[in-house]
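Written out below as structure tokens is the structure these notes cover.
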Amino acid sequence: MQDPSAVHFQALKRLLHYIQGTLHYGLPIVPGEPILHTYVDADWTSDHTNQKSITGFCSFLGDNLVSWCVKKHVTVAKSSVEAEYRVLAAATSDTPWLRRLLADFQAPQAQPSTIFC
């Protein structure tokens, strides 16, 4: 920002062109039962160069995506069970936060949230 050059201007034009071409993209919001549920998955040793796992989870309120996380781990998991356990732990710690946030938005959850592995 202190000393922009032609390269910076070209990058800005490229970014604006990308945004212009993706204006119709988005996350759909559809009506439905507002029940919070989460899906988790782990890809054990998916990176063959260093054997690190990639894990991810996504949380839905009904059919609407409200939160997601994808992470490449910094350490190598010894088994697929360990990789799955790590992502379950991350999703389990994120779910109560989402439940409190929904309660703040006057949409408390009456039943437990389900986590699918």
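None of the figures in this text is laboratory data; all of them are computed from the coordinates on show. As the structure is a computational prediction, the values presented were derived from the model and not from experiment. In this analysis, Cβ positions are derived from the backbone assuming ideal geometry, glycine residues included, and neighbour counts consider all displayed protein chains.
Quick rundown of the values:
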read-out: GNM flexibility winner over the chain from 92, 22, 55 (Cα, springs under 10 Å); value: 22
read-out: The chain - charge dipole about Cα centre, Lys and Arg +1 at Cβ, Asp and Glu -1, debye rounded to 20; value: 280
read-out: Highest-fluctuation residue, 106, 51, 20 considered, GNM on the chain with Cα pairs under 10 Å; value: 20
read-out: Other-chain or far-sequence residues with amide H under 5 Å of residue 115's (modelled H); value: 38
read-out: Orientation-averaged projected area, Cα convex hull of the range 31-116 (nm²); value: 5.9
read-out: Computed helical MRE - 222 nm, the chain, DSSP H runs ≥ 4 contributing -39500 (n - 2.57), nearest 500; value: -12000 deg cm²/dmol
read-out: Highest-MSF residue in the chain out of 56, 32, 21 [GNM, Cα springs under 10 Å]; value: 21
